[in-house]
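The values are calculated or read from the model by the stated rules, or taken from the named source; none is laboratory data. Predicted model only: the values in this text are computed from it and were never measured. A quick note on method: Cβ atoms are made from the backbone with ideal geometry, for glycine too, and the neighbour counts reach across all protein chains shown.
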């Protein structure tokens, strides 16, 4: 007889882990973008040192790219969370089916 094999939610391509990882990366990128834009409010082109470097960096397209990557990574995190929720539901259904089959086999 072929043994049926069920996958638990812990072995579901690690969608829960990757969801948290992408969420963390997206939030970090978003915080970097916010930090750059808030710093530019207090710094102008007459500044010197590190403040001048932040101002120069803010005048390029890189902060907008950081924001775009942050939005994309946060969207991927939401999609992975959806997959994780679906895997949890499928695991519950598989557990119920397995329980019903084992109960049915025990009755015979």
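See the values below:
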| read-out | value |
| --- | --- |
| Options 18, 83, 35, 69; residue that is out of contact with any strand residue (DSSP E or B) (no Cβ under 8 Å at 6 or more places or on another chain), free of Cβ contacts under 8 Å to residues at least 24 places away in the same chain and in a helix (DSSP H, G or I) | 35 |
| Unmet criterion (only one of (1) modelled with pLDDT under 90; (2) surrounded by 12 or more Cβ atoms within 10 Å (Cβ to Cβ); (3) in a helix (DSSP H, G or I); (4) out of contact with any helix residue (DSSP H, G or I) (no Cβ under 7 Å at 6 or more places or on another chain)) for residue 55 | (4) |
| Conditions (1) part of a loop (DSSP other than H, G, I, E, B); (2) in contact (Cβ under 8 Å) with a residue 60 or more places away in the chain; number of the one not met by residue 46 | (2) |
| Only one of 41, 90, 30 that is in a helix (DSSP H, G or I), within 20 Å of the chain's Cα centre (by Cα), at negative phi and at pLDDT 80 or above | 30 |
